[in-house]
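Heads up, the thing below is written out as structure tokens.
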Amino acid sequence: MTIDLPPAVADDWRQLGTQTENRRLALMTITAETTVFEHQPTADALEQLHTDGSIPARSLFLIELELDPPLSTMGLSPSDALGMAAPKARNGFVETIEDDGILVGDERASEHIDRPDGTVGHLTVFEAAYPIDDAAADNDDGDDEAATIDAEAHVAIWPAADTYVMAGGLVPLEAPDEPATLEAALDINPARDREAIVDLFRGLKLEATED
């Protein structure tokens with residue numbers, strides 16, 4: 001199952017990379033293929049912010065999950081098992097972005113969300129601290145702690161066919177004070193970035209569940 005970005009966001013976002021991880025949950029193997037997309041208009045500025053990371057501070061992502069064995073062999077449907085699957089999937093997402101050096105904090109929101117096709121999923125929004133390079137940080141105060149900027153991490157999960165699909169993104173909430181040229185180039189606009197994530201959620205084409 002290959003999922004494309006919906007038209008509402010496709011023009012401004014391009015695929016940056018894909019990684020595949022396998023996790024074991026009880027008797028089930030979960031293969032997660034995560035595709036990260038970068039914001040083309042601010043891609044160069046985001047690269048200056050953190051040159052070593054694989055996930056930009058402003059990014060969208062899609063995660064396709066493959067379950068082995070499928071839920072149907074256990075007498076379960078993805079919709080029925082959403083309450084059990086959502087926390088596990090959310091924890092896997094947190095581990096993935098933390099592996100990239102992003103610090104994940106408290107939950108800002110945790111709620112069920114409806115798509116236009118009637119599919120019910122679950123959304124979680126986390127506080128986050130995004131690491132930035134020394135060259136993009138003002139370290140005149142002598143603080144040895146790694147420099148970060150405030151951010152949000154959004155992740156949602158929906159049932160699809162005999163599995164689940166996840167989507168979301170990172171939203172930068174601020175820019176470093178210096179250099180001023182980088183601050184301007186980052187074009188910090190949380191409301192616009194959150195709307196791009198909502199457009200992603202609404203526009204995804206998901207396979208019908210096998211209920």
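The values are calculated or read from the model by the stated rules, or taken from the named source; none is laboratory data. Owing to the predicted nature of the structure, the values given are computational and were not obtained by experimental measurement. Reconstructed Cβ throughout: ideal geometry from the backbone, glycine too, with neighbour counts over all protein chains shown. The protein model used for the area step is the full one, side chains on, heavy atoms only, and it has no ligands, DNA or RNA in it. Shrake-Rupley method; radii C 1.70, N 1.55, O 1.52, S 1.80 Å.
Relative to the Cα centre, what is the charge dipole magnitude of the chain, using +1 at the beta carbon of each Lys and Arg, -1 at the beta carbon of each Asp and Glu, and rounding to the nearest 20 debye?
Working: 12 positive and 45 negative charges, 254 e Å.
For the chain, the charge dipole is close to 1220 debye.
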query = Which residue, chosen from Leu200, Ala146, Ala161, occupies the Cα position most advanced towards the positive end of the dipole of the chain, where the dipole is computed from +1 (Lys, Arg) and -1 (Asp, Glu) charges on Cβ about the Cα centre?
reply = Ala161
request  = Could you state the angle between the C-alpha long axis of helix 82-98 and the longest principal axis of the C-alpha atoms of the chain, as a value from 0 to 90 degrees rounded to the nearest 10?
outcome  = 30
query = Based on the Cβ-Cβ distance of Asp114 and Ser72, what FRET efficiency does E = 1/(1 + (r/R0)^6) give at R0 = 22 Å, to the nearest 0.05?
reply = 0.40
message = How much accessible area per residue does the chain have, counting only protein heavy atoms and a probe of 1.4 Å, in square angstrom?
response = 50
request  = Could you list the residues of the range 163-196 with an amide nitrogen less than 19 Å from a label point located 7 Å from the Cα of Glu127 in the Cα-to-C-beta direction?
outcome  = 170-176, 190-191
key: Within the range 27-64: backbone nitrogen closer than 17 Å to the Ala161 label point (7 Å, Cα to C-beta)   = 29-35, 62-64
query = In a Debye calculation with equal point scatterers on the alpha-carbon sites of the chain and no solvent, what is log10 I(q)/I(0) at q = 0.07, 0.13, 0.15 Å⁻¹?
reply = -0.22, -0.72, -0.93
query = Of the accessible area of the chain, with the probe set at 1.4 angstrom, what percent is carbon plus sulfur?
reply = 45
Local net charge near Ala8, Cβ-Cβ under 14 Å (Lys/Arg +1, Asp/Glu -1) = -1
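What number comes out for the charge environment of Leu65, summing +1 per Lys or Arg and -1 per Asp or Glu over other residues with Cβ under 11 Å away?
Values: positive: Arg23, Lys88; negative: Glu21, Glu33, Glu64, Glu66, Asp68, Asp162.
Local net charge: -4.
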request  = Pop out the ³J(HN,Hα) list for the range 193-202 in order, Karplus 6.51 cos²θ - 1.76 cosθ + 1.60 with θ = phi - 60°, rounded to Hz; leave Gly and Pro as x.
outcome  = 5, 5, 5, 4, 5, 4, 4, 4, 4, 5
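Quote the relative contact order of the chain in percent (integer), defining contacts as alpha-carbon pairs under 8 Å separated by 6+ residues. Mind showing how you got there, number by number?
Values: 403 pairs, mean separation 49.3, N = 211.
So the answer I get is 23 percent.
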inquiry  = Explain nothing, just compute: Karplus ³J(HN,Hα) = 6.51 cos²θ - 1.76 cosθ + 1.60, θ = phi - 60°, for every residue of the range 180-192 in order, whole Hz, x for Gly and Pro.
reply    = 5, 5, 5, 4, 5, 5, 5, 6, 5, 8, x, 4, 5
remark   = Among Leu67, Leu186, Leu49, the residue with the largest mean-square fluctuation in a Gaussian network model of the chain built from Cα contacts under 10 Å is Leu67
task = Please turn the phi angles of the range 67-79 into ³J(HN,Hα) values with the Karplus equation 6.51 cos²θ - 1.76 cosθ + 1.60 (θ = phi - 60°), one per residue in order, whole Hz, x for glycine and proline.
result = 9, 9, x, x, 4, 4, 6, 9, x, 10, 10, x, 5
request  = Report the semi-axes of the equivalent ellipsoid for the range 2-89 in whole Å, largest first, where each axis is √(5λ) for an eigenvalue λ of the Cα gyration tensor.
outcome  = 32, 15, 10
